[in-house]
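Asker: What follows is a single structure, and I will ask about it in a moment.
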Amino acid sequence: MGKRFNNDEMQKIFEILQESYDVYGPRIYQGTGCFSDTDVIRYGRLDSWEELVWDQKSDYSFKEVLFPISETILYFTENEMKTADGAARQRLIFLKSCDFHALKRLDEMYLKNGAEDYYYRRMRENTVFAVMGCKESGKNCFCVSMGTNRCEEYDMYIFQDEKGCYMELRCRELEELLWDYGQNVQEEPTFVEKNEVHVEVPEKLPDTIHQDSMWQEYGSRCIGCGRCNFVCPTCTCFTMQDIFYKDNPKAGERRRVWASCQVDGYSDIAGGHSFRQNQGERMRFKVLHKISDYKKRFGYHMCVGCGRCENVCPEYISYIACLQKLKEKEGK
Amino acid sequence: MANEYIPFLSKIKEIVKHTETEYTFRMTYVGDVRPGQFFEVSIPKYGEAPISVSGIGEDYVDLTIRKVGKVTGEIFELNEGSSFFMRGPYGNGFEKENYQGKELIVVAGGTGVSPVRGVISYFGEHQNEVKKLHTILGFKSPSDILFREDLKKWEQQMDLILTVDSSDDDSYRTGLVTKYIPELEPDNIHETAAIVVGPPVMMKFAVAELLKLGMKEEQIWISQERKMCCGLGKCGHCRMNDTYICLDGPVFCYSEGKKLFD
């Protein structure tokens, strides 16, 4: 059971939500794309309902709202250390089903793998999630293959069509806020059931797959820019970084910033030793994590099939083609 | 909700200078800790660095630090009585139960001696807990030798072989640690355990020599050094296959450890 709103009502609903939440969603950043006169769609705070992008896949995922690209965790003054304050207001994030499944992967790492992460927990507890139903599959999406096309445990489901929006609420707070609005209707949530791209994930890779010559090809092609990691909704690596202020070297802060396993320095240890110096090895490290190593540890695949890494690579390295190659190695 | 990223301040009780760039800092610490575990040490505004525990006492831990970067450079500026920040201990460390009652062989090279120093000292002082203790330690040159004070004691307590890669001074044995493994003659190879810690190449060949002696993979333990930014299983840098070195290691039984690749 859900509600129907016409398009005029949605701005009003948005304003009601804004009173309780900072509302985040994919929006267009004009002229900030990789090439001249191109735009980027990434997550940011929405100022109006119109800004929310429905018909295209966001170039970057929702993860930067929960886990900022650079996050100050501690402030230092002369003799004191202070925990950085969290977001003052609750947050509502609009995201698609694949990204909502990625949330489970972020939770796995930050809340369950070892001790709980204080900063992630703080942000997570303060956030509700609105899943946007996809009308059709996007470029290089393969959510159906990964089983991430449908989801259930959202706080809100919302689907936009010509008539307006269909909405389901599964969170008390949101229900109370929106109780008096819209028209009650009997509809089912819509999810994508078919992608143009179909991927068969290899489930039985040989133990020697890391030594396979297939990885060498990536060694000469990949330029190690790390974009595939930064657009991935399930990549969680970071590096700790301390800085001091130029105008007051006695004060400074400790941050964590996103890290990429494709970029130089990722594995360097004190004294100069570094592992995986070749880009081919780095590609292997990343791909096997997404479809094999993560599953060995947590029981399900890390990759959610959003296809962003496929779209962003400046060298046109195809992750999907790589998975297909791996599939051929299965059982050998 | 605990914030694991907040370090505590620890006072430097004593500094032992081994070489120009390697000092042991004896740090105030009371709590559970094992040899082979590590702490993230930090100097605010400069950063954090993972340092393994090289010694344990009732109210202290020893951290043997090599001056190689920004953080360690700042730590080397400090004197006894001053303090720096730490958080930890992290990782599994060496469990003495794996070695008790057996003949123990410890093979370590360079700074790899730090994480096993606690194990060697413990069994050196509790000789009744092992059948026999063989220790082979390798350093690049005589000027790189760490823990000289301990070496004097260990010489009395165990079968100690100290070797340097090369030296002009004839009083030192020369050659890699692997050269001396075939000379070991354990009484009963089936009741022997071995610990190997050092640079990746050294570990690989030392393990190969131990296997040649007739040891099984399950009898050998190694410790993996990887980049550990958080120590909490979050930052990802130390991962090998499905394993987080900071959580599941750094100490692995070789039968498991050999499956990990970078």
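The values are calculated or read from the model by the stated rules, or taken from the named source; none is laboratory data. A quick note: this is a predicted structure, and the numbers were derived from the prediction, not measured. Methodologically, a virtual Cβ is constructed for each residue, glycine included, from the backbone with ideal geometry; neighbour enumeration extends over all protein chains shown.
Asker: Go through segment A:233-270 residue by residue and tally those that are facing another protein chain (nearest Cβ under 10 Å) and closer than 18 Å to B:Tyr46 by Cα.
Answerer: 19
Asker: While we're looking at this one, here's another question. Inspect segment A:12-20 for any residue being within 11 Å of another protein chain (Cβ to nearest Cβ), touching a residue at least 12 places away in the same chain (Cβ under 8 Å) and out of contact with any Phe, Trp or Tyr (no Cβ under 9 Å at 6 or more places or on another chain) and give the result as yes or no.
Answerer: Here is the first cut: in segment A:12-20, the residues within 11 Å of another protein chain (Cβ to nearest Cβ) are none.
Looking for residues that are within 11 Å of another protein chain (Cβ to nearest Cβ), touching a residue at least 12 places away in the same chain (Cβ under 8 Å) and out of contact with any Phe, Trp or Tyr (no Cβ under 9 Å at 6 or more places or on another chain), one finds none in segment A:12-20, hence no.
Asker: In segment A:273-312, what residues are at negative phi, in a loop (DSSP other than H, G, I, E, B) and at pLDDT 95 or above? Spell out the reasoning first.
Answerer: Taking segment A:273-312 as the starting set, the residues that turn out to be at negative phi are A:273-275, A:277-298, A:300-304, A:306, A:308-312.
Those still in the list that are in a loop (DSSP other than H, G, I, E, B) too: A:273-275, A:277-278, A:300-304, A:306.
Across segment A:273-312, the qualifying residues are A:Tyr300, A:His301, A:Met302, A:Cys303, A:Val304, A:Cys306.
Asker: Would you call B:Val119 within 19 Å of the chain's Cα centre (by Cα) and over 24 Å from B:Phe25 (Cα atoms)? Give the steps one after another, and end with the answer.
Answerer: Details: within 19 Å of the chain's Cα centre (by Cα): yes; over 24 Å from B:Phe25 (Cα atoms): no.
Answer is no for this residue.
Asker: For segment B:124-151, which residues satisfy the criterion of being of a type in the set (Gly, Ala, Ser) and under 23 Å from B:Glu209 (Cα atoms)?
Answerer: If we filter segment B:124-151 for residues that are of a type in the set (Gly, Ala, Ser), which is where we start, we get B:124, B:138, B:141, B:143.
Passing the criteria: B:Gly138, B:Ser141.
Asker: Follow-up question, since we're still on this one. So is A:Asp180 among the acidic types (Asp, Glu) and crowded, with 16+ Cβ neighbours inside 10 Å or not?
Answerer: Spelling it out, it is not the case that A:Asp180 is among the acidic types (Asp, Glu) and crowded, with 16+ Cβ neighbours inside 10 Å.
Asker: Run B:Ile6 past the list (1) more than 10 Å from chain A (Cβ to nearest Cβ); (2) surrounded by fewer than 17 Cβ atoms within 10 Å (Cβ to Cβ); (3) not in a strand (DSSP E or B) and report the number of the one that doesn't hold.
Answerer: Every condition holds for B:Ile6 apart from (1).
Asker: Check segment A:83-97 and report whether any residue there is within 30 Å of A:Lys246 (Cα to Cα) and either within 15 Å of the chain's Cα centre (by Cα) or in contact (Cβ under 8 Å) with a residue 60 or more places away in the chain (or both).
Answerer: Going through segment A:83-97, the residues within 30 Å of A:Lys246 (Cα to Cα) turn out to be A:83-88.
Checking the rest, the ones that are also either within 15 Å of the chain's Cα centre (by Cα) or in contact (Cβ under 8 Å) with a residue 60 or more places away in the chain (or both) come to A:84, A:87.
Yes, segment A:83-97 has at least one match.
Asker: I need a count of the residues in segment A:104-120 that are away from chain B (no Cβ under 14 Å) and in contact (Cβ under 8 Å) with a residue 60 or more places away in the chain.
Answerer: Residues of segment A:104-120 that are away from chain B (no Cβ under 14 Å), as a first pass: A:104.
Filter once more, keeping what is in contact (Cβ under 8 Å) with a residue 60 or more places away in the chain: none.
Qualifying residue count, segment A:104-120: 0.
Asker: Condition test on B:Thr111, is it modelled with pLDDT under 95, of a type in the set (Ser, Thr, Tyr) and buried (at least 17 other Cβ atoms within 10 Å of the Cβ)? Before you say what the answer is, go through the steps one by one.
Answerer: Numbers: modelled with pLDDT under 95: yes; of a type in the set (Ser, Thr, Tyr): yes; buried (at least 17 other Cβ atoms within 10 Å of the Cβ): yes.
So B:Thr111 fits the description; yes.
Asker: Quick check on this structure: which one of A:Gly305, A:Gly280, A:Gly224, A:Gly219 is surrounded by fewer than 21 Cβ atoms within 10 Å (Cβ to Cβ), in contact with a helix residue (DSSP H, G or I) (Cβ under 6 Å, 6 or more places away or on another chain), in contact (Cβ under 8 Å) with a residue 12 or more places away in the chain and within 26 Å of A:Gly33 (Cα to Cα)?
Answerer: On the way: A:Gly305 fails: surrounded by fewer than 21 Cβ atoms within 10 Å (Cβ to Cβ); A:Gly280 fails: within 26 Å of A:Gly33 (Cα to Cα); A:Gly219 fails: within 26 Å of A:Gly33 (Cα to Cα).
That would be A:Gly224, the only listed residue that is surrounded by fewer than 21 Cβ atoms within 10 Å (Cβ to Cβ), in contact with a helix residue (DSSP H, G or I) (Cβ under 6 Å, 6 or more places away or on another chain), in contact (Cβ under 8 Å) with a residue 12 or more places away in the chain and within 26 Å of A:Gly33 (Cα to Cα).
Asker: A follow-up question, please. Please enumerate the residues belonging to segment A:289-331 that are among the hydrophobic types (A, V, I, L, M, F, W, C), touching a His at 6+ places or on another chain (Cβ under 7 Å) and within 11 Å of chain B (Cβ to nearest Cβ). First the steps, then the outcome.
Answerer: Of the residues in segment A:289-331, the ones among the hydrophobic types (A, V, I, L, M, F, W, C) are A:291, A:298, A:302-304, A:306, A:309, A:312-313, A:317, A:320-323, A:326.
From the residues that got through so far, the ones that are touching a His at 6+ places or on another chain (Cβ under 7 Å) too are A:291, A:302, A:304.
Within segment A:289-331, A:Met302 is the sole residue that qualifies.
Asker: Being within 14 Å of chain A (Cβ to nearest Cβ), part of a helix (DSSP H, G or I) and modelled with pLDDT of 95 or more, is that true of even one residue in segment B:126-133? Before the answer, list the steps.
Answerer: Here is the first cut: in segment B:126-133, the ones within 14 Å of chain A (Cβ to nearest Cβ) are none.
Within segment B:126-133, none of the residues are within 14 Å of chain A (Cβ to nearest Cβ), part of a helix (DSSP H, G or I) and modelled with pLDDT of 95 or more.
Asker: Further question: Given the residues A:Met146, A:Met156, A:Met123, A:Met132, which is the only one that is within 14 Å of chain B (Cβ to nearest Cβ) and either within 30 Å of A:Leu323 (Cβ to Cβ) or touching a residue at least 24 places away in the same chain (Cβ under 8 Å) (or both)?
Answerer: On the way: A:Met146 fails: within 14 Å of chain B (Cβ to nearest Cβ); A:Met156 fails: within 14 Å of chain B (Cβ to nearest Cβ); A:Met132 fails: within 14 Å of chain B (Cβ to nearest Cβ).
Result: A:Met123 is the single residue among A:Met146, A:Met156, A:Met123, A:Met132 that is within 14 Å of chain B (Cβ to nearest Cβ) and either within 30 Å of A:Leu323 (Cβ to Cβ) or touching a residue at least 24 places away in the same chain (Cβ under 8 Å) (or both).
Asker: May I ask you to list the residues in segment A:5-28 that are basic (Lys, Arg) and at pLDDT 95 or above? Don't jump to the end; show me each part of the working.
Answerer: Keep residues of segment A:5-28 that are basic (Lys, Arg), which gives A:12, A:27.
Listed by number, the list holds a single entry, A:Arg27.
Asker: Determine which single condition B:Arg148 fails, assuming it passes every other condition in (1) in contact with a Ser or Thr (Cβ under 8 Å, 6 or more places away or on another chain); (2) basic (Lys, Arg); (3) within 26 Å of B:Val41 (Cβ to Cβ).
Answerer: Answer for B:Arg148: the failing condition is (1).
Asker: Please work out which one of (1) within 14 Å of chain B (Cβ to nearest Cβ); (2) farther than 30 Å from A:Phe244 by Cβ is the condition A:Asp37 fails and give its number.
Answerer: The single condition A:Asp37 does not satisfy is (1).
Asker: Give me a count of the residues in segment B:152-171 that are more than 26 Å from B:Leu211 (Cβ to Cβ) and surrounded by fewer than 16 Cβ atoms within 10 Å (Cβ to Cβ). Before you say what the answer is, go through the steps one by one.
Answerer: Residues of segment B:152-171 that are more than 26 Å from B:Leu211 (Cβ to Cβ), as a first pass: B:152-153, B:155-157, B:166-171.
Imposing the further condition that a residue be surrounded by fewer than 16 Cβ atoms within 10 Å (Cβ to Cβ) reduces the set to B:152-153, B:155-156, B:166, B:168-171.
Here the count works out to 9.
Asker: Exactly one condition in (1) surrounded by fewer than 16 Cβ atoms within 10 Å (Cβ to Cβ); (2) out of contact with any Lys or Arg (no Cβ under 7 Å at 6 or more places or on another chain); (3) more than 26 Å from A:Asp47 (Cβ to Cβ); (4) not β-branched (Val, Ile, Thr) is false for A:Glu78; which is it?
Answerer: Checking A:Glu78 against (1) surrounded by fewer than 16 Cβ atoms within 10 Å (Cβ to Cβ); (2) out of contact with any Lys or Arg (no Cβ under 7 Å at 6 or more places or on another chain); (3) more than 26 Å from A:Asp47 (Cβ to Cβ); (4) not β-branched (Val, Ile, Thr), the one that fails is (2).
Asker: Quick one: count up the residues across segment B:141-172 that are of a type in the set (Asp, Glu) and part of a helix (DSSP H, G or I). First the steps, then the outcome.
Answerer: So the first thing to find is which residues in segment B:141-172 are of a type in the set (Asp, Glu), and the list is B:144, B:149-150, B:155, B:159, B:165, B:168-170.
Among the residues that remain, those that are also part of a helix (DSSP H, G or I) are: B:144, B:149-150, B:155.
Summing the residues that are of a type in the set (Asp, Glu) and part of a helix (DSSP H, G or I) in segment B:141-172 gives 4.
Asker: Further question on the same structure: Could you check how many residues of segment A:45-72 are surrounded by fewer than 19 Cβ atoms within 10 Å (Cβ to Cβ) and either of a type in the set (A, V, I, L, M) or assigned to a strand (DSSP E or B) (or both)?
Answerer: Residues flagged as surrounded by fewer than 19 Cβ atoms within 10 Å (Cβ to Cβ) and either of a type in the set (A, V, I, L, M) or assigned to a strand (DSSP E or B) (or both) within segment A:45-72 amount to 6.
Asker: Name the residues in segment B:216-229 that are surrounded by 20 or more Cβ atoms within 10 Å (Cβ to Cβ), at pLDDT 95 or above and not hydroxyl-bearing (Ser, Thr, Tyr), would you?
Answerer: B:Gln219, B:Ile220, B:Trp221, B:Ile222
Asker: Now for a different question. Test each condition in (1) within 20 Å of the chain's Cα centre (by Cα); (2) at pLDDT 95 or above; (3) surrounded by fewer than 18 Cβ atoms within 10 Å (Cβ to Cβ) for B:Glu80 and report the one that comes out false.
Answerer: (1)
Asker: Follow-up question, since we're still on this one. Hey, can you tell me all the residues within segment A:252-299 that are in contact with an Asp or Glu (Cβ under 9 Å, 6 or more places away or on another chain) and charged (D, E, K, R)?
Answerer: A:Glu253, A:Arg254, A:Arg255, A:Arg256, A:Arg276, A:Glu281, A:Arg284, A:Asp293, A:Lys295, A:Lys296, A:Arg297
Asker: Can you tell me which residue is farthest from the other protein chains (Cβ to nearest Cβ) among those in segment A:75-92 that are among the hydrophobic types (A, V, I, L, M, F, W, C) and out of contact with any Ser or Thr (no Cβ under 6 Å at 6 or more places or on another chain)? Reasoning before the result, please.
Answerer: Of the residues in segment A:75-92, the ones among the hydrophobic types (A, V, I, L, M, F, W, C) are A:76, A:81, A:84, A:87-88, A:92.
So of that shortlist, the ones also out of contact with any Ser or Thr (no Cβ under 6 Å at 6 or more places or on another chain) come out as A:76, A:81, A:87-88, A:92.
Values: A:Phe76: 4, A:Met81: 7, A:Ala87: 16, A:Ala88: 18, A:Leu92: 22 Å.
Step by step, filter segment A:75-92, then rank; the result is A:Leu92.
Asker: Next question. Which of (1) more than 10 Å from chain A (Cβ to nearest Cβ); (2) in a loop (DSSP other than H, G, I, E, B) does B:Val68 not meet, given it meets every other one?
Answerer: Just one mismatch for B:Val68, condition (1).
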